[in-house]
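Read the structure below first, then the notes.
The values are calculated or read from the model by the stated rules, or taken from the named source; none is laboratory data. Every value quoted in this text rests on a predicted model; they were computed, and no experiment measured them. Heads up, the Cβs are rebuilt from the backbone with ideal geometry, glycines too, and the neighbour counts pull from every protein chain shown. Surface areas here come from the heavy atoms of the whole protein model, side chains and all, with no ligands, DNA or RNA. Shrake-Rupley method; radii C 1.70, N 1.55, O 1.52, S 1.80 Å.
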Amino acid sequence: MQFINTLNQGFGIADCLHFETGPGGLPVATITTAKASAQVALQGAQVLAWQPSGQEPVLWLSETAEFAPGKPVRGGVPVCWPWFGPLADKGLHGFARNRNWSVRASQQDADGQVLLCLSLQDDLQSRLLWDHAFDLELHITVGASLTMTLTTRNTDRAAFTINQALHTYFRVGDIRQICVLGLDGCTYLDKVQAMARLQQSGDIRFSAETDRVYLDTATDCVIDDPVLGRQIRIAKQGSHSTVVWNPWSEKVMPDMASGTYQHMVCVETCNAGPDAITLAPGQQHSLRAEISVL
């Protein structure tokens, strides 16, 4: 409780940003403004919810998500860093999503948006997994749109290479009826077909397990959802790849209830696979996603 009180004294904003103990005892930031509401877990700097005023929730969070120290949470926007996918025996999607981040700054701007900055640095535990010095920041802007900017700074004496993703889960009415626009003609690696290198033709539609890394693309994507009667735009910067994923019914996950795959899709802002980022000492890179409802 003392930790929560300290956070509220240092970074809380009257009537719009406060910190509290969330599920599993994890500290969360709750944001409520005239334009939107949101919730952010300090573990993993993970945006759990975002809902513009007058709209349905935009992010999907599993009803059976596990909230526990050091455990990934299924849904919202996990931060995958400094690797994406599996890495030898070091786990899936890096360690940033399982670590406790610090609050670096908070403010409300003239437009009524709330800005929250969280940070993570190397320590003895991180160096056992990835032996580099770094400073990582996630700037989250909550308003009529949701903007997330992940900035990596190389504070090491040597260059390092990263893969990264804002692994965003979107809530949809029916996976069979939606489509994802913006990737027509792009080359992708199909994980369902042993990483076959294929080319997208037309919009992306879903009738089975889908797990694709679209390469060398900086374009916006739009989720067209006729059931919920909306389009969700994902604009990005500093990203050269996009991952589109739905596990369908083939993959049984204990933190994902049966049948709920029908109401989610991941469209991820990434630098994945061959689209890696190498930073020399002192260099930095920012990965930015802006989500809006059209």
With the chain reduced to its Cα atoms and the Debye formula applied, log10 I(q)/I(0) at q = 0.15, 0.16 1/Å amounts to -1.23, -1.40
Largest-first ranking of His139, His132, His93 by accessible area, probe 1.4 Å, whole protein assembly kept, is His139, His132, His93
For the range 139-183, listing trypsin sites (Lys or Arg not before Pro) in a DSSP loop whose Cβ sees at most 11 other Cβ atoms within 10 Å gives Arg157, Arg176
At the level of C-alpha centres, the distance separating the range 127-187 and the range 190-206, in angstrom, is 21 Å
Karplus ³J(HN,Hα) for the range 182-194 (6.51 cos²θ - 1.76 cosθ + 1.60, θ = phi - 60°; Hz, whole; x = Gly/Pro) runs x, 10, 4, x, 7, 7, 9, 9, 9, 5, 6, 10, 6
Dividing the surface of the Cα convex hull of the range 203-281 by four yields a projected area in nm² of 7.1 nm²
The relative contact order of the range 134-199, taking Cα pairs under 8 Å that sit 6 or more residues apart, comes to a percentage of 18 percent
Per DSSP, the loop-located GluC sites (Glu not before Pro) within the range 207-284 having at most 10 other beta carbons within 10 Å are Glu250
Straight-line reach check, Lys236, cutoff 26 Å on alpha carbons, 8 or more apart in-chain or any other chain, hits among lysines -> Lys35, Lys191
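What's the ranking of 118-130, 50-62, 189-201 by average number of surrounding C-beta atoms within 10 Å, highest first?
50-62, 118-130, 189-201
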Those trypsin sites (Lys or Arg not before Pro) from the range 222-259 that are DSSP loop and have at most 12 other Cβ neighbours within 10 Å turn out to be Lys251
Relative contact order in percent for the chain (Cα pairs under 8 Å, 6+ apart) equals 17 percent
In terms of the alpha carbon gyration tensor, root eigenvalues a ≥ b ≥ c, rounded if a/c is under 1.5 and otherwise prolate when a/b exceeds b/c or oblate, the range 186-246 is oblate
In terms of the alpha carbon gyration tensor, root eigenvalues a ≥ b ≥ c, rounded if a/c is under 1.5 and otherwise prolate when a/b exceeds b/c or oblate, the range 165-220 is rounded
With all protein chains in place and a 1.4 Å probe, Thr155 shows an accessible area in Å² (nearest 10) of 80 Å²
With all protein chains in place and a 1.4 Å probe, Lys35 shows an accessible area in Å² (nearest 10) of 80 Å²
With the 8 Å Cα cutoff and a minimum separation of six or more residues, the range 147-294 has a relative contact order in percent of 37 percent
Summed over the other residues with a beta carbon less than 15 angstrom from that of Ala218, with K and R at +1 and D and E at -1, the charge totals -3
Log entry: pair-distance distribution for the range 3-55, C-alpha pairs binned every 10 Å from zero, whole % per bin is 26, 54, 20, 1
GNM on the chain, Cα springs under 10 Å; top mean-square fluctuation among Asp211, Asp275, Asp109 goes to Asp109
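Hey, what's the chain come to in accessible area per residue, 1.4 Å probe, Å²?
On a per-residue basis, 43 Å².
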Per the C-alpha gyration tensor (a ≥ b ≥ c, the square roots of its eigenvalues), the range 1-139 is rounded if a/c is under 1.5, else prolate if a/b beats b/c, else oblate; here it's prolate
Of every hundred units of 1.4 Å-probe accessible area on the range 228-294, the number belonging to carbon and sulfur atoms, as a percent, is 50 percent
Candidates Ala34, Ala14, Ala165; GNM for the chain (alpha-carbon contacts under 10 Å) flags as most fluctuating Ala14
Heavy-atom accessible area with a 1.4 angstrom probe orders Met253, Met264, most exposed first, as Met253, Met264
Neighbours of Leu136 by Cβ distance under 10 Å: Lys/Arg at +1, Asp/Glu at -1, summed charge -1
With only helices counted (DSSP H, runs n ≥ 4, each -39500 (n - 2.57)), the per-residue ellipticity at 222 nm for the chain, to the nearest 500, works out to -1500 deg cm²/dmol
